[in-house]
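*Asks:* Here you go, one structure.
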Amino acid sequence: MTKILNVGFIGAGKSAHRYQGPFVLRRPDKFRIKTLWARHIDNIPWDKYDAHYTTDLNELLDDPEIDLVVISTPVLHYEFTKQALEHGKNVLCEKPFTDTKEQAVELFNLAKEKGLFVMSVQNRRFDSDFLTTQKVIESGVLGDILEVEMHFDYYRPEVPESVTTFNPYHGYLYGHACHTIDQVLSYWGIPKDIHYDVRQLLGKGRMNDYFDIDLYYEGPLKVSVKSSYFRIKQRPRFVVYGKKGMFIKETEDRQEEHLKMFYMPTPDHPDFGQDLPQHYGTLTYMDDEGIYHEEKVPTVTGDYARLYDAVYDSIVNGAPKLVKDETTLKLMDILEEGIKGCE
């Protein structure tokens, strides 16, 4: 009989109800949401789960039936994760895991000492645009890959304009680059060199609102991760250049778009997160006969619930963690190094 893991959420806001909980519920044969904690629960602007809501954190942490604690708060990741581990709980923590590498090392060591699972949420490894780009690269039609550009653009000037102080851990690099850099590390591994261009476009003493990071690998390969809050028109999500051609995926994964519309991943929404033909990427290449091709590439369907499949497999079956400790530590290295130029 399949073991069902009881899940407790620390934090009952947007992350729990929009980005994490719906995908836990998508695997009812593996997980059940039992308890959610928040400091205030009377004004939660979401449809509540069929679960217990509490303002007493110890009620969640002291519950022997809770198998996995998901830290879904925007801050205090290190503090809450440490507290859950000290209570003997397996932990899945929202990105970017901790503020510093030192904190991450401490948590990994604590989990190892107690024989517990702890991992960072990096669900964008299961973005449809990223999976489709991998499929094209692995098809070999582009030949040797020379350069990859990854953009995660927004036009939200009101966000940086509303922040008049600088906090290294609450800017664009820590909040958004942690997604795309993890994608790079998960697919291409640890780079041999990195060039950083991390800025405060509104000036010193304001929030970090721009990054352009180049990661260099063996041979000619360079992978660039770029983003800004001031892009009124988004650049393509992925551009891949090879010796024989290129691939462009203009639009991003649609899971977040649907979640924001409260179009949830439920059985009555079989098209959740799926691209339409107008969203398909364009593949252009010369084949071995010197013939030019340009064609649309149907999008591989993304599914953030696959993160929870991996979590379950690690906790129940002892499988290696999807997001390896060394990958998270390298991500923390990159974030800490990148933010050094801001003040």
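The values are calculated or read from the model by the stated rules, or taken from the named source; none is laboratory data. Here the structure is a predicted model, which is why all the values come from computation and not from measurement. Positions of Cβ are generated from backbone atoms using ideal geometry, with glycine treated the same way; all protein chains shown enter the neighbour counts.
*Asks:* Report every pair of residues separated by at least 6 positions or lying on different chains whose Cβ atoms are under 9 Å apart, first residue within the stretch 45-73 and closer than 18 Å to Y312 by Cβ, second aromatic (F, W, Y) and modelled with pLDDT under 95.
*Replies:* Within 9 Å, the pairs are S72/Y19.
*Asks:* Here's something else I'd like to know. Quick check on the stretch 27-75: of everything there that is modelled with pLDDT under 95 and among the basic types (K, R), which residue is nearest to L5 (Cα to Cα)?
*Replies:* Result: K48.
*Asks:* When you check K89 against the structure, is it touching a helix residue (DSSP H, G or I) at 6+ places or on another chain (Cβ under 8 Å), farther than 24 Å from S186 by Cα and touching a residue at least 60 places away in the same chain (Cβ under 8 Å), yes or no? Steps first, please.
*Replies:* Values: touching a helix residue (DSSP H, G or I) at 6+ places or on another chain (Cβ under 8 Å): yes; farther than 24 Å from S186 by Cα: yes; touching a residue at least 60 places away in the same chain (Cβ under 8 Å): yes.
It is true that K89 is touching a helix residue (DSSP H, G or I) at 6+ places or on another chain (Cβ under 8 Å), farther than 24 Å from S186 by Cα and touching a residue at least 60 places away in the same chain (Cβ under 8 Å).
*Asks:* Follow-up question, since we're still on this one. With the requirement that a residue be touching a helix residue (DSSP H, G or I) at 6+ places or on another chain (Cβ under 6 Å) and crowded, with 17+ Cβ neighbours inside 10 Å, what does the stretch 37-69 give you?
*Replies:* Selection gives W37, V69.
*Asks:* Could you give me the residue pairs with C-beta distances under 6 Å whose first residue belongs to the stretch 207-229 and is over 18 Å from K243 (Cβ atoms) and touching a residue at least 60 places away in the same chain (Cβ under 8 Å), whose second residue is polar (S, T, N, Q) and in a loop (DSSP other than H, G, I, E, B) wherever it lies, and which are 6+ apart or on separate chains?
*Replies:* Hits for this filter: N208/Q200.
*Asks:* So T180 fits all but one of (1) surrounded by 20 or more Cβ atoms within 10 Å (Cβ to Cβ); (2) of a type in the set (V, I, T); (3) over 23 Å from the mean Cα position of the chain (by Cα); what number is the exception?
*Replies:* Unmet condition: (3).
*Asks:* Name the one entry in S128, S162 that is among the small types (G, A, S) and either surrounded by 15 or more Cβ atoms within 10 Å (Cβ to Cβ) or not assigned by TED's automatic domain parsing to the domain that holds G273 (or both).
*Replies:* On inspection, the qualifying residue turns out to be S128.
*Asks:* Could you check the stretch 245-262 and list, in sequence order, the residues that are at pLDDT below 95 and part of a loop (DSSP other than H, G, I, E, B)?
*Replies:* M261, F262 - these are the residues of the stretch 245-262 that are at pLDDT below 95 and part of a loop (DSSP other than H, G, I, E, B).
*Asks:* With T328, T251, T266, T299 as the choices, which residue is surrounded by fewer than 17 Cβ atoms within 10 Å (Cβ to Cβ) and polar (S, T, N, Q)?
*Replies:* Values: T328 fails: surrounded by fewer than 17 Cβ atoms within 10 Å (Cβ to Cβ); T251 fails: surrounded by fewer than 17 Cβ atoms within 10 Å (Cβ to Cβ); T299 fails: surrounded by fewer than 17 Cβ atoms within 10 Å (Cβ to Cβ).
Of T328, T251, T266, T299, the one residue that is surrounded by fewer than 17 Cβ atoms within 10 Å (Cβ to Cβ) and polar (S, T, N, Q) is T266.
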